[in-house]
Every structure is written in structure tokens, then in C-alpha cells.
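One structure is given here, and the rest of the page talks about it.
The values are calculated or read from the model by the stated rules, or taken from the named source; none is laboratory data. As the structure is a computational prediction, the values presented were derived from the model and not from experiment. For neighbour counting, all protein chains shown are included, and Cβ atoms are generated from backbone atoms with ideal geometry for every residue, glycine included. These accessible areas exclude ligands, DNA and RNA; they are computed on the full protein's heavy atoms, side chains included. Shrake-Rupley method; radii C 1.70, N 1.55, O 1.52, S 1.80 Å.
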Amino acid sequence: MINGILTFYSGLLNGLVEVWAHKFRSLLSMMGIILGVAALVAMVGVVRGMIGEVRDYFERTGGITRLQVESREPPDEQSHIAHLSPGMTFRDVEAIQAGGTLIDLIDPEVSLGWRRYTYAGQSEHAPLQGVMPDRRERLQLQMREGRYIGDLDVEWASPVIVLGGWLGDLFFPNGGAVGQKIHVHGQTFRVIGVLENLGGPESRGWFQRQNRICYIPITAAMKRFSGDDRLSNLSVRVAEVAFLDDALAQMENILIQTHRGIEDFAVSTMEEQLEEFRRMERTFTFALGGVAGISLLVGGIGIMNVMLAVINERIREIGVRKAVGARGSDIFIQFLAEAVVISVVGGLIGMMASVGFVVFIREVIDVEQFRIALSPPAMVAGFLFSAVIGIASGIYPAVRAARMNVIDALRYE
Amino acid sequence: MALVEFENLSKIYRMGEETVRALDGVELRIEPGDFAAILGPSGSGKSTLMHILGFMDSPTSGQLRFEGREVSGIGRARRAWYRANRIGFVFQAFNLLPRLSVADNVQLPIVYSRSRIADRRKRALVALDRVGMTHRAKHVPSQLSGGERQRAAIARAIVNNPSLILADEPTGNLDSQNVVRIMDLFTELAREGQTLVVVTHDEQVAAYARRTIRMRDGRVIEDTVNGV
Ligand SMILES: Nc1ncnc2c1ncn2[C@@H]1O[C@H](COP(=O)(O)OP(=O)(O)OP(=O)(O)O)[C@@H](O)[C@H]1O
Ligand SMILES: [Mg+2]
């Protein structure tokens with residue numbers, strides 16, 4: 001046993017010497033492993049980034065206690081009376097406020113798309129939304145300056161605006177925004193507050209998009225921009241997770257009345273989205289495992305091929321070693337160690353390449369979408385994989401070398 | 001007790017229908033301290049005999065005793081042990097590993113005999129000193145002349161103090177000057193008590209030995225002590 005370890009150890013050293021002696025060939029034989037490991041680590045980084053983005057979004061928007069109301073096509077038997085329903089409107093909000101005893105937070109939204117903001121000769125585009133005071137609590141928005149939209153602002157449809165952190169930085173880099181008048185799409189609004197940037201100054205993804213949004217009272221949005229009381233989105237928060245199912249039923253009861261019995265809406269829980277999210281995670285994991293598996297398999301075949309060639313070249317060496325006393329097991333370990341060296345060195349290079357790969361993807365692919373993380377566990381896994389592949393693909397050639405007959409091997413030209 | 005005893009020993013190669021009797025009932029004893037030369041025409045079975053003596057091959061039939069033990073049927077691992085610890089083999093083609101230094105080549109039998117690591121290097125240098133090659137320890141074989149390579153190979157053969165040194169046409173690839181040097185070296189080893197068996201085609205080389213064994217058609221046809 002001790003001897004086996006020693007032989008393996010000197011086999012590793014010997015393997016390093018051999019790999020170094022045939023740099024180019026070794027590199028070629030490592031290519032599959034290098035690409036396999038790099039692809040594995042990079043893909044895990046991409047998927048982690050995407051999933052991390054979805055998770056951030058999920059948690060910041062209220063997690064599991066959130067119910068979302070969505071418009072949808074009414075069932076066929078109602079399609080001839082569908083026009084009777086007013087759709088998703090501000091009346092839904094009023095009805096929930098009146099009857100939604102299990103709901104502790106109502107967050108309707110009138111989305112006005114991207115608008116032009118002008119201040120002191122400077123012009124910028126950013127998204128504009130009409131909301132109610134609860135938005136601040138649901139997203140846990142922090143004020144950098146001033147205050148958020150209040151109940152009276154909504155009641156009076158006041159021409160006031162809360163700037164997103166991004167626009168606040170651009171227009172008022174030194175603060176002092178509150179009380180200033182800015183123009184939004186030709187209308188004058190008074191700044192009442194500026195939001196803190198979410199996710200820190202270097203924010204990405206959902207946070208970055210969030211930080212650009214500016215808010216006006218929902219009533220002002222309807223009166224001054226959209227001209228009707230339709231909502232773009234409606235989310236509510238359930239007071240307690242335990243009441244989730246009851247709250248869902250309550251919401252449906254309230255909304256079926258305001259929609260005059262037309263089922264042109266759906267109340268969905270985040271559980272469905274969570275399931276969707278898990279499914280996505282699974283899909284990616286399998287796709288990724290497949291890609292990594294295939295490339296590592298190809299890498300393994302490459303190594304086996306090279307090892308068979310190496311052994312063919314070194315039949316005489318095998319004969320000499322056996323003639324001076326090497327046992328089959330010594331030869332086996334020697335060549336196995338060499339295959340392991342090739343694959344492990346390949347795995348290390350692959351790990352380094354994966355760093356470059358991830359940086360490259362970050363540069364090339366839309367950085368705003370999500371952050372691509374280097375995952376140390378994925379790197380370790382890729383590395384261990386490469387070692388396993390090395391052992392697996394080295395066994396057959398090493399057995400062939402070990403079985404070789406001394407005299408035949410010595411006679412080989 | 002004889003070092004090696006062959007009793008009615010045969011080696012038969014089967015190639016399809018044909019059979020070749022490379023050794024055909026060989027009777028032979030090698031005593032400790034022997035310095036024997038084996039002569040014979042090509043194909044007479046000299047190398048086959050050496051391979052069996054050197055534990056690289058096993059006989060088809062007959063008895064083979066080494067240091068008093070019956071060894072004709074032992075397994076591969078056991079034969080490897082004998083090769084590492086009891087036999088030193090010298091080849092016509094030197095058979096040094098090209099990427100290892102001379103010192104590392106000489107150490108190989110110690111590596112495979114699994115002895116203590118600490119004095120490997122020292123023992124290799126002692127062996128190299130005996131063949132006058134200490135100054136070439138760090139060279140690789142391609143940097144050596146043919147004669148030097150064979151001396152390095154002899155150092156490798158003696159490094160584990162084997163009971164028996166076997167040389168199959170060790171001078172076949174050498175010029176006459178180096179033939180003399182190598183044979184002088186063998187003679188000196190023999191004088192120190194080393195048992196040696198040398199296969200050769202050359203009567204002058206055989207003349208260095210104290211005993212001459214002649215073979216033909218897989219048999220020993222003559223076995224004489226020189227100068228008697
Ligand atoms: N592996 C083998 N398979 C079949 N026949 C073999 C094999 N090895 C040797 N022989 C045969 O056995 C006989 C003896 O061969 P061996 O190599 O022992 O002769 P040798 O005396 O060493 O000849 P040389 O002087 O040419 O080296 C020859 O006829 C040879 O063809
Ligand atoms: Mg021969």
C-alpha cells in the first residue's frame with residue numbers, strides 16, 4: 001500500500017516530466033478537458049447569475065405573501081358578454097380597500113412607459129409609474145431625500161413626483177431636489193423626494209432597472225397621462241402566510257363583483273412562480289450537466305487516445321522497466337498517474353480558462369441583464385471531474401501496458 | 001549448492017500448426033562464482049535460455065531451481081521480484097531509458113526492489129564508480145558513447161548486488177576497443193566473485209570466460225572449463 005502510494009507519487013512526477021517533454025501534444029490531448037471544465041464553470045456562472053437575478057426579484061417584491069392580479073381572456077361561454085367588464089381598474093383597488101380584510105397592503109400600478117424628464121436644460125429618459133403609498137413598503141424603498149407619495153397626494157391627484165436614485169444623481173448630484181420643478185413629458189411636477197439606490201451604487205439587473213423608475217400619484221397618472229382608470233398591474237400582500245388560501249378566495253370574491261361576474265382576471269400566488277422558477281433551475285441543471293458531461297466524455301476519449309499512442313511509443317521503455325524488476329502493477333500505476341497528470345493539468349488550465357471565459361461573457365453579453373458569477377464550488381467540481389475522467393480514461397491503456405510481455409516489449413522496434 | 005539448475009528443461013513455441021523447440025531438454029548447472037560464455041549458431045536457443053535464466057520467461061517443461069528453490073512455475077509478480085533483486089541483465093542494445101539521467105537509470109532496479117529510499121543515490125554512485133562512470137552520472141544516455149552506455153547498463157545490472165549477471169551479446173554493438181574494456185570489466189567483476197553468464201558469437205569474447213557452453217538446436221552440446 002505504502003509502496004503503491006510512493007509509486008503513484010513518483011508516477012505523478014514522471015507524468016509531469018512527460019507532459020512537459022511533449023508540451024504541444026499534451027496541450028492537444030488536454031483540449032477536451034480544458035474546454036469541458038471551462039464550459040462547466042462558465043455555464044454554472046451564467047445560470048447562477050440568472051437564477052440569482054430571479055431570486056432577488058422574487059424576494060424584493062414580497063416573496064411568498066404576494067398575490068398578483070392579472071388580466072386574462074374570459075372563458076368561451078362568457079366571451080359574448082366580455083365587454084360588460086370594465087377590466088382591471090381603480091375600482092378594484094377601492095373594492096379591495098373596502099372588503100379585503102386579509103390584505104394588508106395594496107399596490108396598484110399605472111405604467112406610463114419611458115418618458116422624457118427635463119430640468120435646467122438637461123433631458124433624460126426614464127420609466128414613469130403611477131402608484132399608491134404602499135409601493136414604498138412593498139419594495140422597501142428608502143428615501144435619500146424628502147418623502148414618498150402620501151394618501152393626500154393620491155386623493156388630490158397632485159402633480160408631485162418622487163425621482164428614482166438614478167435620475168436624482170443626474171439632475172441633482174449635490175442634493176437639494178425637494179421643491180424643484182421638473183418637466184415630465186411637457187407637464188410640470190414638483191419633486192417631493194428622491195429614492196436611495198437599491199442594491200448599492202454598482203447595482204445590476206432588477207435593481208438597476210428599479211433605480212431608474214420615477215413615481216407619481218396613481219390618480220395623477222390617470223388624470224394627466226392615461227385618461228382612464230385602468231391599471232397595468234395590481235399586487236397585494238397577504239397579512240399572514242397562513243391565510244394565503246383564504247386571502248386568495250377573498251380576492252376572487254371581491255374582484256368578480258367589480259368585474260360584473262366576468263372572469264377576465266386571475267389571482268395568482270407566487271407559489272406558482274416559485275415552481276416555475278424551480279423548473280427553470282432544474283432544466284438548466286440538466287442541460288448544463290449534459291453539456292459538461294459530453295465535453296468531459298470527449299475529453300476523456302482524447303486522453304485515452306493519447307495514452308494508447310504514448311504506450312505504443314514506449315513499449316520498449318515498458319520492457320526495460322519490467323526487465324529490471326517492475327511489476328505489472330508498477331507499470332499500471334505509472335501510466336495511470338500520467339493520465340491523471342494530463343487530465344488534472346488540463347483541469348487546472350480549464351479552471352483558469354473559465355475565469356477568462358466568464359470575464360469574456362460579461363463583456364460581450366448584455367451586462368445589464370444579470371451578473372455572471374464565478375462559482376468556486378463549480379470550479380472545484382470541474383477539477384474533481386477532470387481527475388475522475390483522467391483515472392477512468394487512463395485505466396484501459398494502463399492495463400494494456402501492465403499486461404505487456406517483457407520479451408516482446410524489449411524486442412519491439 | 002548450485003546457483004541455477006536446469007533439468008530436462010524445454011521451451012516450445014507454438015505458431016499455429018508449427019512448433020519450434022527453442023530449448024529441447026537442456027541440462028545445465030551454474031555454480032556461484034561461475035563466469036560462463038554461451039556460444040552457438042543463430043537460432044540455437046541462447047537468448048531463450050537467458051530469458052528463462054533471467055526470470056523474463058518461463059519454461060514449457062522441465063525443472064528449474066534457483067538458489068535451491070523450484071521456480072519454473074512461479075507467478076509474474078514473483079518473477080519481477082527475482083528480476084529486481086537477484087538478476088542483473090545486460091543487453092546488446094544497452095536499453096537505457098532515454099529521458100532519465102545515467103544515475104536515474106542505474107537506480108531503477110532499486111526503485112523496483114522497494115528498498116529504503118535514502119541510500120538509493122549513494123548506491124547508484126557506488127555502482128557507477130565501479131564501472132568508472134561517476135563523471136557521467138548527470139548525463140542522459142544520448143550524450144554517451146556506445147561503450148559508456150554499456151558501462152552505465154552494467155552499473156544498473158550490479159547496483160542491487162545480484163546473484164547472477166546475464167549479458168546477451170553485450171559487445172555486439174561495440175568497436176573492438178570497447179569490447180576489450182567491457183570484457184575487462186566483466187573479468188574484474190568475476191574475480192570479485194560475481195557470477196556471470198555472457199552470450200556471444202565471438203570466440204575472442206568467449207575466451208575471457210572461465211567456462212564455455214556450446215549450444216545447437218536448443219541443446220547444450222559442449223560444456224568445457226577454459227584452459228583445462
Ligand atoms: N516468441 C517466439 N515465438 C516463436 N519462436 C520463437 C520466439 N522466440 C524465439 N523463437 C525461436 O526460437 C529459436 C531460438 O531463438 P533464440 O532467440 O533463443 O536464438 P539465439 O540463439 O538467441 O539466436 P541469435 O544468435 O540469432 O540471437 C529460434 O528458432 C527462434 O525463431
Ligand atoms: Mg539471441
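Taking region B:166-223 as the range and being assigned to a loop (DSSP other than H, G, I, E, B), within 23 Å of B:I52 (Cα to Cα) and more than 16 Å from ligand 2 (Cβ to nearest atom) as the test, the residues that pass are B:G193, B:Q194, B:T195, B:A209, B:R210. Under the condition of being more than 14 Å from every other protein chain (Cβ to nearest Cβ) and either among the basic types (K, R) or touching a residue at least 12 places away in the same chain (Cβ under 8 Å) (or both), the residues counted in region A:299-323 number 11.
Within region B:156-175, restricting attention to residues that are among the hydrophobic types (A, V, I, L, M, F, W, C) and touching a Ser or Thr at 6+ places or on another chain (Cβ under 9 Å), which residue is nearest to ligand 1 (Cβ to nearest atom)? Looking at the filtered set, the residue picked out is B:A167. Against the conditions (1) charged (D, E, K, R); (2) over 21 Å from B:T200 (Cα atoms); (3) part of a strand (DSSP E or B), B:D24 satisfies every one except (2). Every residue in region B:29-48 that is more than 7 Å from ligand 1 (Cβ to nearest atom) and open to solvent by less than 10 Å² (accessible area, probe 1.4 Å), please. Selection gives B:I30, B:F35, B:A36, B:A37, B:I38, B:L39.
Within region B:131-146, being crowded, with 18+ Cβ neighbours inside 10 Å, part of a helix (DSSP H, G or I) and away from every other protein chain (no Cβ under 14 Å) holds for one residue alone: B:R136. Taking residues in region B:66-79 that are more than 14 Å from chain A (Cβ to nearest Cβ), and partners anywhere that are loosely packed, with under 15 Cβ neighbours inside 10 Å, the pairs with Cβ atoms closer than 7 Å and at least 6 places apart or on different chains are B:G68/B:M1; B:E70/B:Q63; B:S72/B:Q63. The set of residues from region B:99-117 being more than 11 Å from every other protein chain (Cβ to nearest Cβ), farther than 22 Å from B:G172 by Cβ and in a helix (DSSP H, G or I) comprises just one member, B:A103.
Taken as a whole, the structure leaves B:R219 outside the set of residues that are more than 16 Å from ligand 1 (Cβ to nearest atom) and more than 14 Å from chain A (Cβ to nearest Cβ). If you check B:Q150 against the conditions, is it surrounded by fewer than 16 Cβ atoms within 10 Å (Cβ to Cβ) and not in a loop (DSSP other than H, G, I, E, B)? No; evaluated as a whole, the condition is false for this residue.
Under the condition of being away from ligand 2 (no atom under 16 Å from the Cβ), in a loop (DSSP other than H, G, I, E, B) and open to solvent by 20 Å² or more (accessible area, probe 1.4 Å), the residues counted in region B:63-98 number 9.
Apart from one condition, B:R120 fits all of (1) more than 14 Å from chain A (Cβ to nearest Cβ); (2) among the charged types (D, E, K, R); (3) away from ligand 1 (no atom under 16 Å from the Cβ); the exception is (1). When residues in region A:325-356 are screened for being more than 12 Å from every other protein chain (Cβ to nearest Cβ), open to solvent by less than 20 Å² (accessible area, probe 1.4 Å) and of a type in the set (V, I, T), 3 of them pass. Checking each residue in region A:10-31 for being closer than 28 Å to A:G289 by Cβ and open to solvent by less than 20 Å² (accessible area, probe 1.4 Å) picks out A:S26, A:S29, A:M30. Looking across A:V162, A:V178, one residue alone is over 32 Å from the mean Cα position of the chain (by Cα) and of a type in the set (A, V, I, L, M). It is A:V178.
The rows are residues; the columns are (1) modelled with pLDDT of 85 or more; (2) within 16 Å of ligand 1 (Cβ to nearest atom); (3) within 14 Å of chain B (Cβ to nearest Cβ).
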position: A:V364; (1), (2), (3): no, no, no
position: A:E368; (1), (2), (3): no, no, no
position: A:S375; (1), (2), (3): no, no, no
position: A:M379; (1), (2), (3): no, no, no
position: A:F385; (1), (2), (3): no, no, no
position: A:V388; (1), (2), (3): yes, no, no
position: A:A392; (1), (2), (3): yes, no, no
position: A:V406; (1), (2), (3): yes, yes, yes
position: A:E413; (1), (2), (3): no, yes, yes
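No other residue among A:Q122, A:Q180, A:Q187, A:Q142 is assigned by TED's automatic domain parsing to the domain that holds A:S232 and under 30 Å from A:I51 (Cβ atoms) apart from A:Q142.
In this structure, A:G382 does not satisfy being without any contact (Cβ under 8 Å) to a residue 40 or more places away in the chain, over 20 Å from A:V17 (Cα atoms) and crowded, with 20+ Cβ neighbours inside 10 Å. Considering every residue within region A:68-85, establish whether at least one is over 36 Å from the mean Cα position of the chain (by Cα), modelled with pLDDT of 80 or more, among the charged types (D, E, K, R) and surrounded by 14 or more Cβ atoms within 10 Å (Cβ to Cβ). Within region A:68-85, not a single residue is over 36 Å from the mean Cα position of the chain (by Cα), modelled with pLDDT of 80 or more, among the charged types (D, E, K, R) and surrounded by 14 or more Cβ atoms within 10 Å (Cβ to Cβ). If we keep just the residues of region B:6-62 that are among the basic types (K, R) and within 14 Å of chain A (Cβ to nearest Cβ), which is nearest to ligand 2 (Cβ to nearest atom)? The extreme case among them is B:K46. For region A:97-120, a tally of residues being open to solvent by less than 50 Å² (accessible area, probe 1.4 Å) and farther than 25 Å from A:I161 by Cα returns 4. Can you find even one residue in region A:257-273 that is assigned to a helix (DSSP H, G or I), among the aliphatic types (A, V, I, L, M) and open to solvent by 30 Å² or more (accessible area, probe 1.4 Å)? No, there is no match, as no residue in region A:257-273 is assigned to a helix (DSSP H, G or I), among the aliphatic types (A, V, I, L, M) and open to solvent by 30 Å² or more (accessible area, probe 1.4 Å). Taking region A:214-242 as the range and being over 31 Å from the mean Cα position of the chain (by Cα) and either open to solvent by 10 Å² or more (accessible area, probe 1.4 Å) or charged (D, E, K, R) (or both) as the test, the residues that pass are A:T219, A:M222, A:K223, A:R224, A:F225, A:S226, A:G227, A:D228, A:D229, A:R230. Report the residue count in region B:209-228 for those that are under 24 Å from B:S163 (Cβ atoms), in contact (Cβ under 8 Å) with a residue 24 or more places away in the chain and open to solvent by 70 Å² or more (accessible area, probe 1.4 Å). Number of matching residues: 2.
Let's see how each residue does on (1) touching a residue at least 60 places away in the same chain (Cβ under 8 Å); (2) over 11 Å from A:Y117 (Cα atoms):
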| residue | (1), (2) |
| --- | --- |
| A:I149 | yes, yes |
| A:D153 | yes, yes |
| A:A157 | yes, yes |
| A:W166 | no, yes |
| A:F172 | no, yes |
| A:G175 | no, yes |
| A:V178 | no, yes |
| A:H185 | yes, no |
